[in-house]
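The values are calculated or read from the model by the stated rules, or taken from the named source; none is laboratory data. Just so you know, these numbers come straight off a predicted model, no measurement behind them. We place every Cβ from the backbone using ideal geometry, glycine too, and count neighbours over all the protein chains shown. With ligands, DNA and RNA removed, areas are computed over all heavy atoms of the protein, side chains included. Shrake-Rupley method; radii C 1.70, N 1.55, O 1.52, S 1.80 Å.
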Amino acid sequence: MTARRVLNPVQRVAIFGGTHGNELSGVFLVNHWLKHGEEIARPGIEVRPFITNPGAVEKCVRYVDTDLNRVFDSENLRNENNLNLSYEVKRAQYINSIFGPKGSEDAYDVILDLHNTTSHMGATLILEDSKDDFTIQMFNYIKTSMAPLACSVLLIEHPRLKYATTRSIAKHPIGVEVGPQPQGVLRADVLDKMRRIIKHALDFINYFNDGKEFLPCILEVFKVLDNVAYPRNANGDCTAIIHNNLQDQDWKELKPGDPMFLTLDGRMIAYEGDCIVYPTFINEAAYYEKNQAFTTTQKMTLCAQAIRCTEPK
Amino acid sequence: MSPTVQCGAVSQVVVVGGTHGNEMSGVCLAKHWLQDPSELHRKSFTAEVLLANPIAVERCVRYIDRDLNRSFSHELLSASGSESDSYEAKRAREIYQKYGPKQSSLNFVIDLHNTTSNMGTTFLLFKGDNFALHLANYLQTKCVDPSFPCHILLIDIPEGGHVHLQSMGKHSVSLELGPQPQGVARADVLTRMRALVNCSLDFLDLFNQGTEFPSFETDVHQVLYRADFPRNEDGEIEAVIHSELQDKDYLPLKPGDPIFQRLNGEDILYNGEKQIYPVFINEAAYYEKKVAFIATEKTHCLVPALKVQN
Ligand SMILES: [Zn+2]
Ligand SMILES: [Zn+2]
């Protein structure tokens, strides 16, 4: 006998664009849907498009004072010291008041947060919780629907690295990351992939609410292991860049001894870990200031139970 | 047959990075060469290195107050200057004081840029600068990389006169390499740029030592006009570069070819009368300048032979 989880229907969904103001696919799509909502409307569900960081969108920068996608922790969300709060922390509290409160019954059911990367990650779905069967089932549905186009899943559950993402206020937070696309640029191919992911996500929710049962499934994910820093000199300047053999090789295996960096005086620096890893976010523009050259992951498989909705409509 | 052009020997050469602070190939190379300039030494000269916009480099942005590469106008350089001036106007005057007056002692400027467009190796130079054309031609034949094919693009000089940093030099070229996102240093692009700079210095050294460079014919691209994105009444972009035009810099665009696509699936076609060659297609820095791409025409030119004046 197999277990089956019976879950409440999804009532409220938000689609966030512009959490990073220079990642233009989400900004463009959300602005479009704010005017033309038909495409994202599904019967019986409130689907709300929303620009999360309008100050950064206006200036076409990642953020104004601080990264909005890292401030949704309880400390920032509860901080009442109004005078000294950064633009993004104020904004986070406002977003939490509309779509949260984080961790409460009143929070939105699903938030789809739209991002771009300069890395060669293709269509990527970001999972925050390996026990979230509903989201695993959704990702499985999206992956199947996107095929033959690859769609990778990144699991950011980690004992030490805490993200405190904008979407984390929802019961089911979903990151959508599509690349490669330079900051401040809109590419038609990237836009199309992102748009299809959202269509499939909303279709899944629609089927689920309609009473369709999703059978147990397994999902291949890449689980975050660690971040790798750039080599730097005493002045803090980068002394090496991503090696050509690693550039654009997101999700492909990196073995001990494989080239990782190229120094400006022409030397190769090899990866010295003790096992095969799968790098991602390789050479992401926004991560230079975080001193992250790439993120290592390991491949693993998640299993989700069957799910269906409590009261089919 | 056209006569050989004679030019004086090149003594002062400046290699410039970080004119735009988020174009990382030039930024990384200039920073490296400031630490270790040995690579820039040649028999007849040693090139100097300039990090043109250090504050923009530090913040990894194109500029602080205004585009430095549009700040070398006679008007801005000759103004008396006040505290309230933009950072880039002040910086342009500093650079001018160091290397100017314009086009006197500074013989050659190599300014390093990146673009998000698929422009391979683009040599940006001024019309009539036969010396720079020779350098471009030398690189086109001696520094070949099929991943970054070479193109010559003539700089459109605004009506008010020169504004570009490279106009500081008697002769000059900007190396515009792409595609590369802003704020990212790709090894392939950096390695390519480094090879081009080295080969440029070799050319200048050979010239100084008396090598005669024969006359040649070449294609050059000349700007026709700038095309903006379709916009709604609020000025917001309504359509994106068509997937069939994206990454097609320097390829012919014929009347009736798609150039933009809307989210409702509608294509917008090129309705000009003659074939053009678009460049700077989907350049990130040009969104604020309201430029979706720059239309060029391809012309052919004959460049006379070149030799150093003894
Ligand atoms: Zn982002
Ligand atoms: Zn530039």
Of the criteria (1) free of Cβ contacts under 8 Å to residues at least 24 places away in the same chain; (2) under 22 Å from A:Asp203 (Cβ atoms); (3) of a type in the set (D, E, K, R), which one A:Arg5 fails: (1)
Filtered residues of the stretch A:141-157 (kept if under 15 Å from the mean Cα position of the chain (by Cα) and open to solvent by less than 50 Å² (accessible area, probe 1.4 Å)): A:Ile142, A:Cys151, A:Ser152, A:Val153, A:Leu154, A:Leu155, A:Ile156
Residue that is surrounded by the most Cβ atoms within 10 Å (Cβ to Cβ), among those in the stretch A:159-171 that are within 12 Å of the chain's Cα centre (by Cα) and outside any loop (DSSP other than H, G, I, E, B): A:Thr166
Identity of the residue in the stretch B:45-66, within 15 Å of B:Leu165 (Cβ to Cβ) and in a helix (DSSP H, G or I), that ends up least open to solvent (accessible area, probe 1.4 Å): B:Ala56
Count of residues meeting criterion [open to solvent by 10 Å² or more (accessible area, probe 1.4 Å) and free of Cβ contacts under 8 Å to residues at least 12 places away in the same chain] in the stretch B:187-202: 1
Any hit, the stretch A:79-96, residues being open to solvent by less than 30 Å² (accessible area, probe 1.4 Å), within 24 Å of A:Lys199 (Cβ to Cβ) and polar (S, T, N, Q): no
Of the criteria (1) touching a residue at least 60 places away in the same chain (Cβ under 8 Å); (2) within 14 Å of chain A (Cβ to nearest Cβ); (3) more than 19 Å from B:Ala284 (Cα to Cα), which one B:Gly183 fails: (3)
Members of the stretch A:250-268 that are at the interface with chain B (Cβ under 10 Å from one of its Cβ atoms) and not in a loop (DSSP other than H, G, I, E, B): A:Pro259, A:Phe261, A:Leu262, A:Thr263
Hits in the stretch B:148-167 - residues which are in contact (Cβ under 8 Å) with a residue 40 or more places away in the chain, farther than 13 Å from B:Leu224 by Cα and among the hydrophobic types (A, V, I, L, M, F, W, C): B:Phe148, B:Ile152, B:Val163, B:Leu165
Count - residues of the stretch B:111-136 that are within 15 Å of ligand 2 (Cβ to nearest atom) and over 12 Å from the mean Cα position of the chain (by Cα): 2
Matching residues in the stretch B:137-151 - criterion: being surrounded by fewer than 17 Cβ atoms within 10 Å (Cβ to Cβ) and under 18 Å from the mean Cα position of the chain (by Cα): B:Pro149
Extreme residue, nearest to B:Arg66 (Cα to Cα), among residues of the stretch B:276-290 that are more than 8 Å from every other protein chain (Cβ to nearest Cβ) and outside any loop (DSSP other than H, G, I, E, B): B:Tyr286
Selected residue (only one of B:Tyr270, B:Tyr277 is free of Cβ contacts under 8 Å to residues at least 24 places away in the same chain and not charged (D, E, K, R)): B:Tyr270
Residues of the stretch A:8-47 satisfying the condition of being within 16 Å of A:Ala201 (Cβ to Cβ), aliphatic (A, V, I, L, M) and without any contact (Cβ under 8 Å) to a residue 40 or more places away in the chain: A:Ala41
Qualifying positions in the stretch B:1-45 - aliphatic (A, V, I, L, M) and either free of Cβ contacts under 8 Å to residues at least 40 places away in the same chain or within 14 Å of chain A (Cβ to nearest Cβ) (or both): B:Met24, B:Val27, B:Leu29, B:Ala30, B:Leu34, B:Leu40
Unmet requirement for A:Ala201, which otherwise passes all of (1) among the aliphatic types (A, V, I, L, M); (2) farther than 19 Å from A:Ile282 by Cα; (3) part of a loop (DSSP other than H, G, I, E, B): (3)
Options B:Glu212, B:Glu273, B:Glu297; residue that is open to solvent by 10 Å² or more (accessible area, probe 1.4 Å), closer than 25 Å to B:Pro149 by Cβ and away from chain A (no Cβ under 14 Å): B:Glu297
